[in-house]
Amino acid sequence: MARSNLVTRLLTALVGIPTIVVLIYVGPPWGWALFLAVALLVGAIEFFGMTHPGDRVSLAIGTATSIGVYAVLWWFGKDARVLVSMLFVLPTFALLATLLRLGANETTGMRAFAMAFGPLWVGGGLVTLALLRRDAGESGPGFVVLALVLSWFSDTGAYFAGRFLGKHKLYEAVSPKKTVEGALGGLAAAIVGAVVGHYFYVRALPLDHAIILAIVAGGIGQAGDLGESMLKRSFGVKDSGGIVPGHGGILDRIDALIVTSAFTYLYTLWFWPHP
């Protein structure tokens, strides 16, 4: 079963990766942003399907809000007034939306929190991949690839290191299969990917910055993976969905990426020595 699942994952990657590479390097920034918006739509449906089971109205509200956050950050992300307004309006809107769909009092707090957190986590995280492509100039495609590599290499390195070397549980209460050895293997793989990036696909990234970014973003990306596992466990689901063969749902694939991408984007805003 494990071998079959690995083969399915590899076949899915063989189909998906060329499409993604074409969108990143050949198409316009808005084409890549539109592709990510579709992923956001599916991810938001999965998220609110977990947090608001059986409530299609709340699912629609949460999904629309996630798309709204994505659009606001894409078009107005550099306007501080808009950002501050969104941070104040979104929690208030979440409370009002929950009041309108009250349901069981025992879960209202969780549902109100999810209505504010979900759009920022999924919509805000994914839009950073689009913003990297658009706002980092000629290095934009390279930084997008870097964010993807930090996430995918970390995940793959953790999988193989954990499978062959794993002995010590990392966080058994949340994810019983993850190990300390796997986490370290994931960080090592992320560093390798970032170093390769410095020499090949994002040469404007200094080598020392690449290594530090790999450790920080790769490590926090693994925490994002654990965070999504925590959410799924709390809602009693194994996978967020089943749209990606061999991988589960969209959220199961981007849980680390939306964190890794966000911190890569923050790096370009605050620390990247623009050429």
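Read the figures in this text as sums done on the coordinates, not as results from a lab. Bear in mind the structure is a predicted one, so any value in this text is a computation, not a measurement. Note that we place each Cβ from the backbone using ideal geometry, even for glycine, and neighbour counts take in every protein chain shown.
List of remarks:
- Potential lengthening between Phe88 and Leu269 on full extension [0.36 nm per residue; Cα-Cα distance subtracted]: 62.9 nm
- Region 33-180: C-alpha gyration tensor shape, a/c 1.5 cut-off, then a/b vs b/c: oblate
- FRET efficiency for the Val22 to Thr108 pair, using the beta carbon distance and R₀ = 35 Å, is estimated at 0.20.
- Shape call, region 172-275: gyration tensor on alpha carbons, a/c limit 1.5: prolate
- Order of Val202, Val195 - criterion: other Cβ atoms within 10 Å of each residue's Cβ, fewest first: Val195, Val202
- Legend: ranking of residues Glu106, Glu228 from fewest to most surrounding C-beta atoms inside 10 Å; resulting order Glu106, Glu228.
- Under the membrane-span-like helix rule (DSSP H runs whose alpha carbons stretch at least 18 Å along the helix axis, mean Kyte-Doolittle hydropathy 0.0 or higher), the chain yields 2-25, 29-51, 56-76, 80-100, 140-165, 180-199, 207-235, 257-270.
- Label zone at Asp239 (point 7 Å along Cα-to-Cβ), backbone N below 14 Å, region 105-145: none
- Using a Förster distance of 45 Å, the FRET efficiency for Val192-Ala60 (Cβ separation, nearest 0.05): 0.60
- Fewest-first sequence of His52, His168 by Cβ atoms within 10 Å of each Cβ: His168, His52
- Tensor-based shape of the chain (alpha-carbon gyration tensor, a/c under 1.5 rounded, otherwise prolate or oblate): oblate
- Label-to-label distance for Arg134 and Lys177 is 3.7 nm, based on points extended 7 Å past Cα in the beta-carbon direction.
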